[in-house]
1. Taking 7 Å along the Cα-to-C-beta vector as the label spot, tell me the residue 62-residue 151 distance in nanometres, rounded to one decimal.
2. For a quick check: sort 93, 60 by the number of other beta carbons within 10 angstrom, fewest at the front.
3. How many angstrom lie between the Cα centre of the stretch 126-153 and the Cα centre of the stretch 164-223?
4. Length gain on complete extension for the stretch residue 109 to residue 167, per 0.36 nm per residue less the alpha carbon to alpha carbon distance?
5. Calculate how many DSSP beta bridges within the stretch 103-198 are antiparallel, expressed in % of all such bridges and rounded to the nearest 5.
6. If a/c stays under 1.5 just call it rounded; otherwise compare a/b with b/c (prolate if a/b is bigger, oblate if not). Do that for the stretch 103-198, with a ≥ b ≥ c from the square roots of the Cα gyration tensor eigenvalues.
7. Need one number: nm distance between label points at residue 139 and residue 158, each 7 Å from Cα along Cα→Cβ, rounded to one decimal.
8. Report the gain in length on full extension from residue 220 to residue 189: 0.36 nm times residue separation, minus Cα-Cα distance, nm rounded to one decimal.
């Protein structure tokens, strides 16, 4: 019996070692979440660790967000990242949420703006991330329809520089993306972050329900590990990734002041 036990253990180890890599479909360059040049970033390292705890190695394919799901549905890849936390649709299997995005409005502190509702942006020159009028709801979309100079861009570093240079009064983007580019900017100024929108949770999608269940088990292992907090501090400089797997969520509006580094 001891010999049989040794054989079973050996087979399990060999299965893990020989397991084919999993292809993970992720978005494009979006620091601090995704850094193409080093294949790193908060989201990349998180997914890599979850897949490692599943017993596989992750291989990343970078795609526009709009193509990630369709590629998985067409048979390419094993895991599709950044899927909305919406009711499940037939044909795919969805994980628990693994990442939280918090879209915010950022203004220069010196402008002393009072912003409590998306409608308050209607008369302010604003630059937002691409697709903001789709993602942020009807109130935001209606406010931006009143603004002839409203602009959306994929270049979020440019957004931050436009704010600090005074070309626009407000920018709309994810909190952690703003913090990253503020730290990198040579002209950074004190800024005020206005939380006018609820945070957004994203899941991973799978064609294989077994992989989905193993992903959830590995994800929970990560969330309960001190490694998870260290990853947030490494890339996000703060702990702001509360997920329903472990924490209660609090999406109440808030305002905070952010000072540039140095």
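1. 2.4
2. Exposure proxy ranking, most exposed first: 93, 60.
3. After rounding, the separation between the Cα centres reads 18 Å.
4. Answer, rounded to one decimal: 19.4 nm.
5. In the stretch 103-198, DSSP labels about 55 percent of beta bridges as antiparallel.
6. It comes out prolate by the Cα gyration axes.
7. 3.0
8. Difference between extended and current length: 7.3 nm.
Read-outs throughout are calculated quantities, based only on the coordinates presented, and are distinct from any laboratory measurement. In this text, all values refer to a predicted model and were calculated from it rather than measured experimentally. Virtual Cβ from ideal backbone geometry, glycine too; neighbours counted across all protein chains shown.
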